[in-house]
Number of protein chains: 2
Amino acid sequence: MTPGETAIARCDLFRHPPYSEEASALTRRFLTSAHKAALETLAGWMQAANMAVRLDAAGTLIGRYEGTGPRTLLIGSHIDSVRDAGAYDGALGVMLGLGVVEELARQGKRLPFAIEILAFGDEEGSRFHASMTGSRFISGTLKDDPTSLTDEDGVTMEEALRGFGLHPTGLRTAPHREDVFLYLEPHIEQGPVLEAENLPVGIVTGIAAQTRLAVTLSGMANHAGTTPMHLRKDALAAAAEAVLLLERIAAQAGIVGTVGAISARPGMGNVIPGECVFAVDLRAPSAEARDAAERAFRTGLAEICARRGIGQETTTVQQLAPCLCDGAAQTLLAEAIAAQGQRSFRLASGAGHDAMSMAALCPVAMLFIRCRAGISHNPAEHVEAADVDVAARVMLAFVEKLAGTAEL
Amino acid sequence: MTPGETAIARCDLFRHPPYSEEASALTRRFLTSAHKAALETLAGWMQAANMAVRLDAAGTLIGRYEGTGPRTLLIGSHIDSVRDAGAYDGALGVMLGLGVVEELARQGKRLPFAIEILAFGDEEGSRFHASMTGSRFISGTLKDDPTSLTDEDGVTMEEALRGFGLHPTGLRTAPHREDVFLYLEPHIEQGPVLEAENLPVGIVTGIAAQTRLAVTLSGMANHAGTTPMHLRKDALAAAAEAVLLLERIAAQAGIVGTVGAISARPGMGNVIPGECVFAVDLRAPSAEARDAAERAFRTGLAEICARRGIGQETTTVQQLAPCLCDGAAQTLLAEAIAAQGQRSFRLASGAGHDAMSMAALCPVAMLFIRCRAGISHNPAEHVEAADVDVAARVMLAFVEKLAGTAEL
């Protein structure tokens, strides 16, 4: 088996019970028996590759492969899943990290730094209303105590932690890590860009800054038959202009903007909409690009509403800072990719990842692997073994290049 | 009191119990005690104006003022209301007709034709799922027997008719009227055109042809963060273009087009809409103008969907033929309006009226009276006495001009 085939086979094994809570679908949520089964099997593979294994207070499984020097490279991703998930979101990154160490162990090779493989237990937030609990704990950014949160069955996170053999007070004290110099996260792209570029892997430049807005437009509900076009204040027609405005702004700026939800009131076919509510999601590699797009949208929306005699209220629902990937690490990844005879290609991540939290602890890097049609959070999620092989070779070349850099 | 003040005062009297089913709002539905109370009072006013009063099998109160010849002019509107209604929708037309006969009776004047004042008991369809029952009965277009329909309390129309002293089998045989030469319906505009034109009354050219479409657009639901703009198939963005296309087509054609309801699925802020469903309402004075607009919309929609890679399904939900008002009657109304020193102005009705049904029996004419801000089906519905005075004078002048025409 190639390294890619091995990584895929391990993810596929983890599709089914005991690694899934359900027999007919993959669901592996934080601190469930499926999560525990996965960690037990993972721990066995880690130990077989000469790694020291431990479980931290947040349920993150950590396998350490010692180096000749004091510093540590972290490689990881999450091992939990959404409900009815695909097999590769998160898990593939863990398996790829494991594969790197297995190859080093096979060669009996020690690097100037240790490598720790991390399998975070909660990235998706699919059990409790908290996500990235594992990476937020390690990076010291788990500010609110999540242990009193309950799942849909009324089980608290505290109870679930105890059931996992963990003590909830452990979450109160973040680990103090000064040895870590980089966190590398391999992850399926969950988007269609690499497929469109016909590339197996891509270098992530950063994780998008995000702004979510809630917009309410107020016009005048009126009879659809008796109100001439020029006397209307149609809130939905104004919203339609806003949807296209956002699309145009995002396309021109090379970022993404989405109206995913909309409703018109009173919502009857023969009544002109007097009110229209819609949601705006704007993401850009930098806060500056995002904020410029938001300003352009707000200005354009104000113009639309003024021209149409429509009232508007736009509120900011969420604003997330961007996470920039380390420039030097991106350069090394590009060299490692070029060394495999592949074109090195950079792209931003629109989706959130554990790397966002880890950026509070150390520089971060991400390698994206092409997935079919960009489909994720879906059983149809698919990766090609040849692509995963490229990723495995890129990662090995990357850690070897890291080992050769002067500063380590 | 002026004729306008009298008509308004009568409508305002009918706002309250026993003429309304509710104490705090005007609700006067078909065959209720509020309806009965209104007819009893109306009948008294009719008799005082030397009219012979009868109730037909569909609960329409008919007051007949004899003429010197065999032919009959019908003047009418509906006396029923929606829930929480305004006082003038329908009722004002009945009161204006009554006022014309009262003035003739006061003068002791007989015309070459009889005048019958009709107060239809069901135009709104606010009690049973049938509307225009009164006018459909008289015009012989009540094709499906409505007597087994039930109201929200489970009372059948048959039971309600019996409670009103009517025999449900009476609805089976349409009256045979060969004496009727014209139906005139005065009605509040229920739209903002006359207010915008600064005119008290307007001549209706016809009641709009209507088409209602249901459109389903199918794109590809995807992650709002990871899918670049140029790789999206956003069903809502396509729908936004369609909303603006419809608005543009209607405005250019001088007709009305409305998207009143819309939904995007899955309807989450961070997911690109994979499906969008919306309703189209198109109305035009002629079927030709409506059909041309529908063709332009379908062609434009197909272009939008082809360009965006979106699937579409557009189905016709309803198609109503237009009703044209009699040309000679429009000319006489214009003369009658000019004789009051007013500018005669013609407009199409986008809303349906009893005149639509009556057109199957005889030529029809409609006179619109300005209502404030076009508001109707709302307690805020308002007319100015001065406007209703103009309408009363126009109607009197109109029937006198009719009496002077050779063909009668």
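Key figures for this structure:
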item	result
Check on B:Leu301, within 13 Å of chain A (Cβ to nearest Cβ) and open to solvent by less than 10 Å² (accessible area, probe 1.4 Å)	no
Test result for A:Ser286, hydroxyl-bearing (Ser, Thr, Tyr), within 21 Å of A:Ala348 (Cα to Cα) and open to solvent by 10 Å² or more (accessible area, probe 1.4 Å)	yes
Hey, A:Gly97 within 19 Å of A:Glu40 (Cα to Cα) and in contact with a His (Cβ under 6 Å, 6 or more places away or on another chain) or not	no
Output for region B:368-377, where each listed residue is within 12 Å of another protein chain (Cβ to nearest Cβ) and outside any loop (DSSP other than H, G, I, E, B)	B:Phe368, B:Ala373, B:Gly374
Candidate set from region A:208-219 (those that are in contact with a Gly (Cβ under 6 Å, 6 or more places away or on another chain) and at pLDDT 95 or above); member that is least open to solvent (accessible area, probe 1.4 Å)	A:Gly219
Condition met for A:Ser131 (within 14 Å of chain B (Cβ to nearest Cβ), more than 30 Å from B:Gly254 (Cα to Cα) and part of a loop (DSSP other than H, G, I, E, B))	yes
Unique match (being surrounded by fewer than 17 Cβ atoms within 10 Å (Cβ to Cβ), assigned to a loop (DSSP other than H, G, I, E, B), away from every other protein chain (no Cβ under 14 Å) and under 25 Å from the mean Cα position of the chain (by Cα)) among B:Ala328, B:Ala380, B:Ala360, B:Ala386	B:Ala360
Pick from region A:239-272, criterion facing another protein chain (nearest Cβ under 7 Å), open to solvent by less than 20 Å² (accessible area, probe 1.4 Å) and among the small types (Gly, Ala, Ser), ranking: farthest from B:Arg265 (Cα to Cα)	A:Ala250
Any hit, region A:296-310, residues being under 20 Å from the mean Cα position of the chain (by Cα) and either in the same structural domain as A:His377 (by TED's automatic domain parsing) or more than 22 Å from A:Gly254 (Cβ to Cβ) (or both)	no
Scope region B:228-247; condition in contact with a Pro (Cβ under 6 Å, 6 or more places away or on another chain) and either free of Cβ contacts under 8 Å to residues at least 24 places away in the same chain or among the hydroxyl-bearing types (Ser, Thr, Tyr) (or both); matching residues	B:Leu231
Pairs with Cβ under 9 Å, 6+ apart, first in region A:273-286 and more than 9 Å from chain B (Cβ to nearest Cβ), second surrounded by 24 or more Cβ atoms within 10 Å (Cβ to Cβ) and among the basic types (Lys, Arg)	A:Leu282/A:Arg290; A:Ala284/A:Arg290
Of residues in region A:209-219 being in contact with a Leu (Cβ under 8 Å, 6 or more places away or on another chain) and at the interface with chain B (Cβ under 10 Å from one of its Cβ atoms), the one nearest to A:Pro273 (Cα to Cα)	A:Leu213
Residue count, region B:368-377 (criterion: crowded, with 24+ Cβ neighbours inside 10 Å and either among the aliphatic types (A, V, I, L, M) or closer than 21 Å to B:Ser24 by Cβ (or both))	2
Residue in region A:390-401 that is touching a residue at least 60 places away in the same chain (Cβ under 8 Å) and in a loop (DSSP other than H, G, I, E, B) present	no
Residues of region B:327-378 classified as touching a Phe, Trp or Tyr at 6+ places or on another chain (Cβ under 9 Å) and basic (Lys, Arg), total	0
Residues that are without any contact (Cβ under 8 Å) to a residue 40 or more places away in the chain and more than 17 Å from A:Val259 (Cβ to Cβ), drawn from region B:256-271	B:Thr258, B:Gly260
Single residue of B:Arg64, B:Arg106 found to be within 27 Å of B:Leu402 (Cβ to Cβ), of a type in the set (Lys, Arg) and out of contact with any Ser or Thr (no Cβ under 9 Å at 6 or more places or on another chain)	B:Arg106
Answer residue from region A:180-199, given it is of a type in the set (D, E, K, R) and open to solvent by 10 Å² or more (accessible area, probe 1.4 Å) and is nearest to A:Arg265 (Cα to Cα) among those	A:Glu195
The lone exception for B:Ile337 - which of (1) part of a strand (DSSP E or B); (2) over 29 Å from B:Phe137 (Cα atoms) it fails	(1)
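The rows are residues; the columns are (1) within 11 Å of another protein chain (Cβ to nearest Cβ); (2) open to solvent by 40 Å² or more (accessible area, probe 1.4 Å); (3) of a type in the set (S, T, N, Q).
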position	(1), (2), (3)
A:Thr150	no, yes, yes
A:Ala160	no, no, no
A:Gly165	no, yes, no
A:Thr173	no, yes, yes
A:Glu178	no, yes, no
A:Val201	no, no, no
A:Ala221	yes, yes, no
A:Ala224	yes, no, no
A:Asp234	yes, no, no
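The values are calculated or read from the model by the stated rules, or taken from the named source; none is laboratory data. In this text the structure is predicted, and so the values were computed from the model without any measurement. We place every Cβ from the backbone using ideal geometry, glycine too, and count neighbours over all the protein chains shown. For accessibility, only protein heavy atoms count, side chains too; no ligands or nucleic acids. Shrake-Rupley method; radii C 1.70, N 1.55, O 1.52, S 1.80 Å.
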